[in-house]
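Below is one structure, written out as structure tokens; comments come after it.
The values are calculated or read from the model by the stated rules, or taken from the named source; none is laboratory data. Bear in mind the structure is a predicted one, so any value in this text is a computation, not a measurement. For neighbour counting, all protein chains shown are included, and Cβ atoms are generated from backbone atoms with ideal geometry for every residue, glycine included. We work out accessible area using only protein heavy atoms, side chains counted, and drop any ligands, DNA or RNA first. Shrake-Rupley method; radii C 1.70, N 1.55, O 1.52, S 1.80 Å.
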Amino acid sequence: MTAENTGGFNTRAIHAGQAFEPRTGAVVPPVHFSSTYAQDGIGGLREGYEYGRGTNPTRDALQEQLAALEGAKYAYSFSSGLAAEDGLIRALMAPGDHIVLGNDAYGGTYRLINRVLGPWGIGHTVVDMADQARVAEAVKANKTRFVWVETPSNPMMKVTDIEALAKVAHDAGALLVVDNTFASPYLQNPLAFGADIVVHSTTKYIGGHSDVIGGAVALNDDELAEKVGFVQFAVGAVSGPLDAFLTTRGLKTLGVRMDRHSSNAQAVAEWLQGRPEVEAVYYPGLPDHPGHELAKKQMRRFGGMVSVSFNGGEAAARRIAESTRVFTLAESLGGIESLVNYPSQMTHASVKGTELAVPENLIRLSVGIEDVEDLIADLEQAFASL
């Protein structure tokens, strides 16, 4: 590990992979847009660079930065979160293999596994990840390669015991994959709790500004990493140089942003708890959340995502989602601006009618870094529309 990859989280976020440009001394490394690289004779590659699909200095810098922040030996940057998941599955699984998946997974992940990779021969079983006995049973009943969990989960904010689930997976010869998108590397490092692989939609908190799509895979095992790297190169769903630069720029301020996201979300969640219109608030920072104590153990803070269900059913949830002014009604999450989402018909529409279906009286808030008083005032005026 180089000197720039040591130190605290924010130091690593700013300096890992970000050495100044030696010719001019530019503090911010240049963005390398070249698709190909001159060779010093046939096979005489300069610093190993040959063709942009395989290697690019800007992407390499991002990958070093991601690895440093997840406590991983290797990280691979992809063109989207789903491209990262697809690359991982195809690199390490084969037809006939099985995934045990949490029953609160992101709708796009389920769609990928069920509708794209299912016909290729990848099987899956959906279980409640809090029921470790049921997880163990599902893992042993199939040729399970991956136990796949999101924690906190999307959108029900379930918190899963990473260390315990890693033991369940490893006892059966399977690998534990943790989608760390909601927490981000600042709040949680699954590899430190025994997970084998971490995946991210870097579009969300890592990028942080709602202006770039990307995904990542981070891991420590040399053999597994070589296979993931090969698929990244051979299939080519890589992040382009400008996307990699924008992601790196966002990642440098991740710690500062997550502190503000977390404090704002805590205040919003506490305000929501006192409202008569509200049926339940799902936020691990609340003491009555069933995963609160576990989240305190696994996470540095509780994050910026809050889900809330309403006593007025679907009509109330839709009305609130369509009545906010500071919270923007939109897909996605994790940007500096606050977003409101109606998962049943938006991010999780693909799982309607399945055991992953989201309650129709629920909205999901991605709490941004605006002044929290304005966010609460916005929700208050939206509630007045009921």
- Message: Can you tell me how many residues within region 331-381 are among the charged types (D, E, K, R), surrounded by fewer than 18 Cβ atoms within 10 Å (Cβ to Cβ) and either closer than 14 Å to residue 314 by Cβ or in contact with a Pro (Cβ under 8 Å, 6 or more places away or on another chain) (or both)?
- Response: 2
- Task: Identify the residue in region 212-223 that is under 20 Å from the mean Cα position of the chain (by Cα) and touching a residue at least 40 places away in the same chain (Cβ under 8 Å) and, among all such residues, is surrounded by the fewest Cβ atoms within 10 Å (Cβ to Cβ).
- Result: 220
- Of the candidates 169, 164, the one satisfying the condition of being open to solvent by less than 20 Å² (accessible area, probe 1.4 Å) and touching a residue at least 12 places away in the same chain (Cβ under 8 Å) is 169
- Message: Being touching a residue at least 40 places away in the same chain (Cβ under 8 Å) and either over 30 Å from residue 243 (Cα atoms) or among the polar types (S, T, N, Q) (or both): is that true of residue 97 here?
- Response: yes
- Task: Could you tell me whether residue 72 is closer than 24 Å to residue 212 by Cα, open to solvent by less than 10 Å² (accessible area, probe 1.4 Å) and either touching an Asp or Glu at 6+ places or on another chain (Cβ under 9 Å) or touching a residue at least 60 places away in the same chain (Cβ under 8 Å) (or both)?
- Result: no
- Filter result (among the polar types (S, T, N, Q) and open to solvent by 30 Å² or more (accessible area, probe 1.4 Å)) within region 284-324: 311
- Return a yes/no flag: does region 94-116 have any residue that is open to solvent by 30 Å² or more (accessible area, probe 1.4 Å), out of contact with any strand residue (DSSP E or B) (no Cβ under 6 Å at 6 or more places or on another chain) and polar (S, T, N, Q). yes
- Which of (1) surrounded by fewer than 22 Cβ atoms within 10 Å (Cβ to Cβ); (2) of a type in the set (Phe, Trp, Tyr); (3) part of a loop (DSSP other than H, G, I, E, B) is the odd one out, the single condition residue 271 does not satisfy? (3)
- Task: Considering every residue within region 49-59, establish whether at least one is at positive phi and modelled with pLDDT of 95 or more.
- Result: no
- Note on the structure: Of the residues in region 301-329, those that are more than 21 Å from the chain's Cα centre (by Cα) and free of Cβ contacts under 8 Å to residues at least 24 places away in the same chain come to 315, 322
- What is the residue count in region 349-381 for residues that are within 16 Å of residue 306 (Cα to Cα) and in contact (Cβ under 8 Å) with a residue 60 or more places away in the chain? 14
- Task: Just give me the residues in region 277-300 being of a type in the set (Asp, Glu) and touching a residue at least 24 places away in the same chain (Cβ under 8 Å), in sequence order.
- Result: 277, 279
- List the number of the failed condition for residue 25; all other conditions in (1) open to solvent by 60 Å² or more (accessible area, probe 1.4 Å); (2) on the phi > 0 side of the Ramachandran plot; (3) of a type in the set (Gly, Ala, Ser) hold. (1)
- Query: Do we find a residue being assigned to a helix (DSSP H, G or I), over 22 Å from residue 370 (Cβ atoms), within 17 Å of the chain's Cα centre (by Cα) and modelled with pLDDT of 95 or more anywhere in region 247-257?
  - Reply: yes
- Query: Out of all the residues in region 28-39, is one or more of a type in the set (Val, Ile, Thr), open to solvent by less than 20 Å² (accessible area, probe 1.4 Å) and assigned to a loop (DSSP other than H, G, I, E, B)?
  - Reply: no
- With respect to residue 323, determine if the residue is among the hydroxyl-bearing types (Ser, Thr, Tyr) and not in a loop (DSSP other than H, G, I, E, B). no
- Tell me which residues, restricted to region 135-146, are farther than 17 Å from residue 96 by Cβ and under 25 Å from the mean Cα position of the chain (by Cα). 135, 136
- Quick count over region 185-204, residues being touching a Lys or Arg at 6+ places or on another chain (Cβ under 8 Å) and not aliphatic (A, V, I, L, M), is 3
- Note on region 343-357: residues within 19 Å of the chain's Cα centre (by Cα) and part of a loop (DSSP other than H, G, I, E, B) are 343, 346, 347, 348, 356
- Query: Among the residues of region 117-158 satisfying the criterion of being open to solvent by 50 Å² or more (accessible area, probe 1.4 Å), part of a helix (DSSP H, G or I) and not basic (Lys, Arg), which is nearest to residue 347 (Cα to Cα)?
  - Reply: 132
